[in-house]
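Notes to accompany the following structure.
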Amino acid sequence: MVGDDNVAVGDEAGTGILGDFNVAVGAFTLTATSTEDGLTAVGFGALEDNTTGSNPVAVGFEALGNKTTGVNNTAVGDSALHNNTNGGFNNAFGPLALFSNTTGTFNNAHGRGALDANTTGEQNNAFGDLALEDATTASRNSAFGDDALDSVTTGSDNTAVVTRLGGPGAGLPRQRRQREHRAI
């Protein structure tokens, strides 16, 4: 580790740091050579392959683990934004959120597996567990609620709000006690 005012804790943590004001906490965090300043990586393998890309924040097991040059990404959760290489301005909160994203930009995924399959899709908003989970190259979609738009793969410009009517099974006959969906 070279540079000033850096913090590294963990096996091989921060071994690639050449810049200043970086934080690497956890084994194999920030191990690729990087001249960037202000990187934050917490958790085993977080930002492990970062080389140039500014202002990333990665918290969780292998969060942003394969990121090389993408800018302004935030990943919080186990393997969130794990495969991101050049995608920028993405926010992933929850385990496996935006896991497969490689070059997609301006995406927001909040919830377990939200936008999990996204690779190059842009300007998507997924809020809820597994929302837009199968979207790969879809763009400009907004999904609110667990499983919202979970079967969309390449479609664009869709909006869905999923709700539970009256809570789980409230007032519904036994055969209809499964989750009710209402899309707008």
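Below are the figures for this structure:
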| quantity | calculated |
| --- | --- |
| The stretch 102-111, residues that are part of a loop (DSSP other than H, G, I, E, B) and within 13 Å of Thr74 (Cα to Cα) | Thr105, Phe106, Asn107 |
| Within the stretch 8-39, tally of residues that are among the aromatic types (Phe, Trp, Tyr) and within 20 Å of Gly60 (Cβ to Cβ) | 1 |
| Single condition Gly53 does not satisfy, out of (1) closer than 21 Å to Leu98 by Cβ; (2) over 15 Å from the mean Cα position of the chain (by Cα); (3) modelled with pLDDT of 90 or more; (4) not hydrophobic (A, V, I, L, M, F, W, C) | (3) |
| Residue among Asn101, Asn90, Asn141, Asn73 that is farther than 21 Å from Thr40 by Cα and buried (at least 24 other Cβ atoms within 10 Å of the Cβ) | Asn141 |
| Test: residue in the stretch 118-127 that is closer than 28 Å to Lys67 by Cβ, assigned to a loop (DSSP other than H, G, I, E, B) and modelled with pLDDT under 95 | no |
| Pair list, Cβ < 7 Å and 6+ apart or interchain, from the stretch 116-131 residues that are surrounded by fewer than 24 Cβ atoms within 10 Å (Cβ to Cβ) to residues that are outside any loop (DSSP other than H, G, I, E, B) and of a type in the set (Ser, Thr, Tyr) | Asn125/Ser142 |
| Candidates Ala32, Ala58, Ala24 - the one that is of a type in the set (A, V, I, L, M, F, W, C), farther than 18 Å from Thr103 by Cα and outside any loop (DSSP other than H, G, I, E, B) | Ala24 |
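The values are calculated or read from the model by the stated rules, or taken from the named source; none is laboratory data. It should be emphasised that the depicted structure is a prediction, and the values quoted were computed from it without experimental measurement. In this analysis, Cβ positions are derived from the backbone assuming ideal geometry, glycine residues included, and neighbour counts consider all displayed protein chains.
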